[in-house]
Amino acid sequence: MSAPARVLALWCPDWPVVAGAAEAGLPSARPAAVLASHRVVACSATARAQGVRRGLRRREAQARCPDLAVLARDPERDARGFEPVAAAVEELAPGVEVVRPGLVALSARGPTRYFGSEETVAERLVDHVAARARVECQVGVADGLFAAGLAARRSLLVPAGESPAFLAPLPVTELELEPGVEPDTAGADDDASAARAELIGLLRRLGLGTLGAFAELSPTDVASRFDAAAVRAHRLARGLDERPPSRRRIPDELTVELPLDPPVDRVDAAAFAARSLAERLHEALGRAGLACTRLGVQARTTEGDELARVWRCAEPLTPNGTADRVRWQLEGWLSRRGEGAGRSDGGLTVLRLVPEEVVEAGRLQLGLWGEVGVADERAGRALVRVQGLLGPEEVLTGVSGGGRGPGERIQLVPWGDERETPGVDPQAPWPGALTAPSPARVPPEPLPARVLDADGAPVRRATRGRLSAPPAHVALGTDPAAPTAPVRAWGGPWPDPGRWWDPRTAPGGSVRIQVVCATDADEIAAGRDPEPDPAADLAPDPVASGADAVGRALLLVHRGERWAVEGIYD
């Protein structure tokens with residue numbers, strides 16, 4: 001097994017904060033943090049000194065640091081501001097690859113042979129970036145991109161062949177810094193971030209607290225017991241490349257090019273061109289059964305200048321991911337027109353996308369909607385079109401919310417909005433909340449019901465959340481002549497004191513119970529013949545049709561003076 005090549009990584013600490021503060025004109029000494037979904041995803045060193053940490057909610061972060069400057073998450077701003085840094089690195093060393101805004105990588109072999117040593121290269125790069133881009137950075141060199149990125153965070157030059165020893169004592173939480181993924185700006189609802197967090201939690205529960213302990217596992221055992229993401233993480237922990245080196249020759253027909261006539265000199269026009277070209281690229285890759293992991297973005301200006309940049313990604317790119325990176329790169333180029341040598345004041349006349357590295361799509365994990373995220377991107381675009389026709393509130397998606405009843409725990413938000421219910425924390429304590437398991441079905445509107453005791457009298461809510469009598473029979477609907485089903489078992493009650501400030505809440509709150517109604521077999525075993533129901537074969541759902549509750553497990557709620565079916569257990 002060949003060792004990974006020597007990689008030099010240049011890292012700008014807290015880049016989302018640095019880019020946001022520079023655009024907002026904030027002084028460097030002021031504490032600042034970038035927030036997404038009301039949580040801190042990146043913060044400056046001065047903010048960390050006052051107790052601000054990633055993951056804190058906005059209110060708690062501002063309580064710890066009252067002078068905290070709050071910045072919105074903006075990937076386009078981060079990429080646009082990082083272009084001068086990448087250009088400064090490229091002036092000293094060719095072959096720069098943008099891993100993400102804030103981190104670039106390049107082969108250490110060429111610069112080392114030119115400048116004489118890795119130490120000299122690191123010093124020259126740090127000084128040059130500070131002089132040209134006025135940004136502080138750190139440089140690390142190691143075998144492989146993952147080790148080089150971690151070395152850059154520590155300003156270390158790991159000797160050749162010693163990357164596994166360097167990685168071994170580090171905690172498995174360092175896997176969050178997987179190449180091509182931005183941990184500082186990942187959203188809470190990001191699938192890749194959730195998968196990495198789940199893997200890290202599993203490894204820690206298994207007693208594998210360090211990368212060295214994880215690396216000692218057999219690759220065969222890891223591949224047979226975990227998913228593809230864990231196999232890739234295991235390679236990183238062993239000091240290898242995230243995937244084996246690809247010796248596949250990229251066919252020339254996979255390169256897509258778009259002439260721009262008239263030349264493009266505005267960001268919005270460039271974004272439109274990037275979207276159409278990204279779709280063409282992925283159609284070509286799909287026909288070849290491939291997926292792109294390193295994307296080359298090239299452009300030609302009206303004055304004949306050739307611009308090029310390579311973006312490296314941990315996961316295969318989707319059409320939206322490709323379009324985003326192309327748009328970010330074009331914003332960086334267009335916003336720097338006329339700055340320095342080789343910069344043009346004119347527009348772009350040609351845009352070209354080159355898949356620098358590809359993998360076979362058949363070897364990748366399929367998504368829920370289809371092949372490597374292509375179909376789910378198509379589905380997302382279709383939903384956006386529907387919103388454009390009917391309005392944003394007509395396409396909704398369910399998100400987890402807080403509450404006591406099952407209907408309150410799922411909130412509907414418009415498609416594309418933040419998947420979080422503002423001001424409602426699902427993890428907060430909810431006195432009177434229903435215990436597990438939750439109902440399999442929740443009717444859009446509670447279905448009327450009657451609950452009777454053994455004497456046939458209605459069961460009502462008593463003081464302190466109690467019931468006037470144990471439930472013995474349940475009938476659906478409000479018709480007194482409707483058939484009743486005997487209650488075989490029941491649980492509860494769970495009182496809900498209600499919200500006195502909410503006019504929709506019934507006075508005195510409500511109470512919930514779970515009941516299991518007897519089946520026809522129970523009736524026969526007890527010596528009672530069940531009455532035949534001629535409409536039973538016609539009703540698609542006995543509960544929804546209000547026919548009867550025989551053999552059903554129901555969640556009932558008493559609110560006001562009435563009982564209703566709030567959930568159905570299948």
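The values are calculated or read from the model by the stated rules, or taken from the named source; none is laboratory data. Here the structure is a predicted model, which is why all the values come from computation and not from measurement. Neighbour counts are summed over all protein chains in view; Cβ atoms, including those assigned to glycine, are modelled from backbone coordinates with ideal geometry. Only protein heavy atoms, including side chains, enter the accessible area calculation; ligands, DNA and RNA are left aside. Shrake-Rupley method; radii C 1.70, N 1.55, O 1.52, S 1.80 Å.
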Original post:
So how much slack lies between F272 and A72, counting 0.36 nm per residue of separation and subtracting their Cα-Cα distance, in nm?
Top reply: 69.6 nm
Original post:
Each residue of region 210-222 in order: what ³J(HN,Hα) in whole Hz does its phi give by Karplus 6.51 cos²θ - 1.76 cosθ + 1.60, θ = phi - 60°, with x for Gly and Pro?
Top reply: 10, 5, x, 5, 5, 5, 6, 5, 6, x, 5, 5, 5
Subject >> Note, ³J(HN,Hα) from phi for region 95-104, Karplus 6.51, -1.76, 1.60, rounded to Hz, x at Gly and Pro >> reply: x, 6, 10, 7, 6, 6, x, x, 8, 10
Subject >> For region 212-308, accessible area per residue (1.4 Å probe, heavy atoms of protein chains only), Å² >> reply: 53
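What is the calculated FRET efficiency for L26 to A462, with r their C-beta to C-beta distance and R₀ = 51 Å, to the nearest 0.05? Intermediate results must be reported in sequence, preceding the final value.
Details: r = 60 Å, r/R0 = 1.18.
My answer for the efficiency is 0.25.
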Original post:
Label points 7 Å out from Cα along the Cβ direction at S335 and E162: separation in nm?
Top reply: 4.0
**OP:** Figure the gain on full extension for E123 and T302 (residue separation times 0.36 nm, minus the Cα-Cα span) and round it to one decimal in nm.
**Re:** 60.8 nm
Original post:
What is the local net charge at L106, summed over the other residues whose Cβ is closer than 11 Å to its Cβ (Lys, Arg +1; Asp, Glu -1)?
Top reply: +1
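Ignoring ligands, DNA and RNA, what percent of the 1.4 Å accessible area of region 20-79 is carbon and sulfur? Show your work: numbers first, answer last.
Numbers: 1510 of 3100 Å².
Reported share for carbon and sulfur atoms: 49 percent.
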Original post:
Which residues' amide hydrogens lie under 5 Å from the amide hydrogen of G477, considering only partners 5 or more residues apart or on another chain, with H built in the peptide plane?
Top reply: A449, R450
Subject >> Inter-site label distance for R287 and R153 at 7 Å from Cα along Cβ, in nm >> reply: 4.3
Original post:
What residues qualify as long-range amide H neighbours of V135, i.e. H under 5 Å apart, gap of 5 or more or another chain, H built at 1.01 Å from N?
Top reply: A130
Subject >> Accessible area in the full protein assembly, largest first, 1.4 Å probe, for H234, H38, H473 >> reply: H38, H473, H234
**OP:** Starting at the first residue of region 109-119, write each ³J(HN,Hα) from the Karplus equation 6.51 cos²θ - 1.76 cosθ + 1.60 with θ = phi - 60°, in whole Hz, x for Gly and Pro.
**Re:** 5, x, x, 5, 5, 6, 8, x, 7, 5, 4
Subject >> Debye-sum result for region 47-153 in log10 I(q)/I(0), which assumes one identical scatterer on each alpha carbon, at q = 0.11, 0.19, 0.22 Å⁻¹ >> reply: -0.46, -0.99, -1.16
Original post:
Given H placed 1.01 Å from N in the peptide plane, which residues other than close sequence neighbours of T397 have an amide H under 5 Å from its amide H?
Top reply: V413, W415
Subject >> Overall Cα dimensions of region 10-49, principal axis frame, Å, largest first >> reply: 24, 24, 22
